[in-house]
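Visitor: The structure's right below; bear with me while I get my questions together.
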Amino acid sequence: AQSVTQPDIHITVSEGASLELRCNYSYGATPYLFWYVQSPGQGLQLLLKYFSGDTLVQGIKGFEAEFKRSQSSFNLRKPSVHWSDAAEYFCAGDISSGSARQLTFGSGTQLTVLP
Amino acid sequence: EAQVTQNPRYLITVTGKKLTVTCSQNMNHEYMSWYRQDPGLGLRQIYYSMNVEVTDKGDVPEGYKVSRKEKRNFPLILESPSPNQTSLYFCASSPGLAGGHGTDTQYFGPGTRLTVL
């Protein structure tokens, strides 16, 4: 079955350290891919998205993600994490087939930032 | 302000008592969707609508109904709620299909926390 997988349930980093959150998808064609962030008690906010073209995508709050077709991955990165980045991060993809247009989410990665 | 609103934000009910969670967007978006969020499972799509009078099942539609009689509103109906529908529910809207093919950026409401006793 087509799916979006986030292998890391919880990641802890120190403030100022670099961050990489992993996302893998299974789909025959190139999916439309997204990263969303959910702060405690809040809805989801889009960080960035990939549809086509340049495989390195820049987003808000200093985040970027790289689409790698050979690895079926769309990992999220940030060079220097701030305490305010502590949140839950969701990778999502439109991996629908035919006329259906569904967004499939990964199970999320909870990020803790240590002072 | 462009936004997606949901009501109520919190709801505690009992098994079998019909309820409706409303969702409204003021961005003239064609695409609307409902998700439920459960710990360890991420967000799972319940139903979506690509336009007025067009709705389709998502991954977990059992026990839910929706309608899309007008563009801005997309209510979620639980005809006979059960405890396994206790969850956090999100409504989202999107301008349509990106490039005519795939789901575009979704704008989420603040969520409705539902408890079914």
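The values are calculated or read from the model by the stated rules, or taken from the named source; none is laboratory data. Worth saying up front: this structure is predicted, and the values here are computed from it rather than measured. Cβ coordinates were reconstructed from backbone atoms using ideal geometry, including for glycine residues, and neighbour counts include every protein chain displayed. These area figures cover heavy atoms from the full protein model, side chains too; ligands, DNA and RNA do not enter into them. Shrake-Rupley method; radii C 1.70, N 1.55, O 1.52, S 1.80 Å.
Visitor: So A:Gln110 ticks every box in (1) out of contact with any Cys (no Cβ under 8 Å at 6 or more places or on another chain); (2) under 22 Å from A:Pro31 (Cα atoms); (3) within 14 Å of another protein chain (Cβ to nearest Cβ) but one. Which box is left unticked?
Guide: So the condition that A:Gln110 fails would be (2).
Visitor: Can you tell me which residue is farthest from the other protein chains (Cβ to nearest Cβ) among those in the range A:29-73 that are small (Gly, Ala, Ser) and free of Cβ contacts under 8 Å to residues at least 12 places away in the same chain? I'd like the intermediate steps shown before the answer.
Guide: Taking the range A:29-73 first, the residues small (Gly, Ala, Ser) are A:29, A:39, A:41, A:43, A:52-53, A:59, A:62, A:65, A:70, A:72-73.
Imposing the further condition that a residue be free of Cβ contacts under 8 Å to residues at least 12 places away in the same chain reduces the set to A:29, A:41, A:43, A:53, A:70.
Details: A:Ala29: 10, A:Gly41: 8, A:Gly43: 4, A:Gly53: 11, A:Ser70: 21 Å.
Going through the qualifying residues, I end up with A:Ser70.
Visitor: Can I ask one more? B:Leu78 passes all but one of (1) open to solvent by less than 10 Å² (accessible area, probe 1.4 Å); (2) within 14 Å of another protein chain (Cβ to nearest Cβ); (3) touching a helix residue (DSSP H, G or I) at 6+ places or on another chain (Cβ under 9 Å); which number fails?
Guide: Only one criterion in (1) open to solvent by less than 10 Å² (accessible area, probe 1.4 Å); (2) within 14 Å of another protein chain (Cβ to nearest Cβ); (3) touching a helix residue (DSSP H, G or I) at 6+ places or on another chain (Cβ under 9 Å) is unmet by B:Leu78, namely (2).
Visitor: Still on this structure, I have one more. Filter the range A:66-101 down to the residues that are of a type in the set (A, V, I, L, M), assigned to a strand (DSSP E or B) and over 13 Å from A:Tyr32 (Cα atoms) and list them by number. Full working, then the answer.
Guide: To start, the set of residues in the range A:66-101 that are of a type in the set (A, V, I, L, M) comprises A:76, A:81, A:86-87, A:92, A:95, A:100.
From what's left, assigned to a strand (DSSP E or B): A:76, A:87, A:92.
If the condition is that a residue be of a type in the set (A, V, I, L, M), assigned to a strand (DSSP E or B) and over 13 Å from A:Tyr32 (Cα atoms), then A:Leu76, A:Ala87 are the ones that fit.
Visitor: Is it the case that the range B:58-70 has a residue that's among the small types (Gly, Ala, Ser), outside any loop (DSSP other than H, G, I, E, B) and more than 23 Å from B:Glu1 (Cα to Cα)?
Guide: no
Visitor: Let me confirm something: among A:Thr5, A:Thr30, A:Thr55, which residue is more than 15 Å from the chain's Cα centre (by Cα) and of a type in the set (S, T, N, Q)?
Guide: Of the residues listed, the single one that is more than 15 Å from the chain's Cα centre (by Cα) and of a type in the set (S, T, N, Q) is A:Thr30.
Visitor: Then there is this: Any idea which of (1) surrounded by 14 or more Cβ atoms within 10 Å (Cβ to Cβ); (2) within 14 Å of chain B (Cβ to nearest Cβ) is the one A:Val13 doesn't satisfy?
Guide: Every listed condition holds for A:Val13 apart from (2).
Visitor: Only residues that are more than 14 Å from chain B (Cβ to nearest Cβ), within 20 Å of A:Pro7 (Cβ to Cβ) and open to solvent by 10 Å² or more (accessible area, probe 1.4 Å): list them for the range A:74-107, please.
Guide: A:Asn75, A:Arg77, A:Lys78, A:Ala86 - these are the residues of the range A:74-107 that are more than 14 Å from chain B (Cβ to nearest Cβ), within 20 Å of A:Pro7 (Cβ to Cβ) and open to solvent by 10 Å² or more (accessible area, probe 1.4 Å).
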